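Remarks on the structure that follows.
The values are calculated or read from the model by the stated rules, or taken from the named source; none is laboratory data. Please read these numbers as outputs of a predicted model, since none were measured by experiment. Every residue, glycine among them, receives a Cβ derived from its backbone with ideal geometry; neighbour counts consider all protein chains shown. Surface areas here come from the heavy atoms of the whole protein model, side chains and all, with no ligands, DNA or RNA. Shrake-Rupley method; radii C 1.70, N 1.55, O 1.52, S 1.80 Å.
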Amino acid sequence: VLTTTKLRTIVDEWDGCAHQRMLLSLFAYHGNRPQDWCVGYGEENTNEDGYYDPTTQTMHLFKGKTQEQGTERVFQVHEKVAECIAKVQSAKPSPHLVPNTEGNCGNVKFIRDEVNKMLPIPPSVSPNDLRHLYETHIRYVERLPRNKRLKLMGGIAHSDSTS
């Protein structure tokens, strides 16, 4: 059985590629869509989608499936994710949060393919499935109070009432 707890354990015990560990951590600790991670690393590398600020460990997103045009969605990145990002950037600095194998900004297909390669689960499990798994986790396993859950749901741009 695949659970968010199991994904987090894999991240904690990972001894393989730092880049793959970082990608997995994004899904284990956040329920964002893959496109939310296709941003610049640092404000100076902001792209049309947004940027990750390593100083404050915050994500700044300008676009999203349900996000109104001209708004900015800002949320704190989990400390484990920030640690993974820092390790990847210290090993191979990049202007992109998730660089692909050519060094360009990774896209949704690249992220999906990388996640499917590394997880000990069937490739039929998609990043969207991991997103729903995360939402189930914060609702029924962690049993977060409504105000904390709503804050997390705002960061991942998902309605609490429809998830």
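Structure notes:
- Average accessible area per residue (Å²) across region 1-154 - probe 1.4 Å, nucleic acids and ligands excluded: 53 Å²
- Gain in span if fully extended, E142 to N47, counting 0.36 nm per residue against the direct Cα distance: 30.8 nm
- Within the chain: Cβ-based charge dipole about Cα centre, in debye rounded to nearest 20 (Lys, Arg +1; Asp, Glu -1): 580 debye
- Carbon plus sulfur fraction of accessible area for the chain, probe 1.4 Å, in percent: 51 percent
- Among the lysines of region 1-142, pairs at least eight places apart or on separate chains and with Cα atoms under 19 Å apart come to 6.
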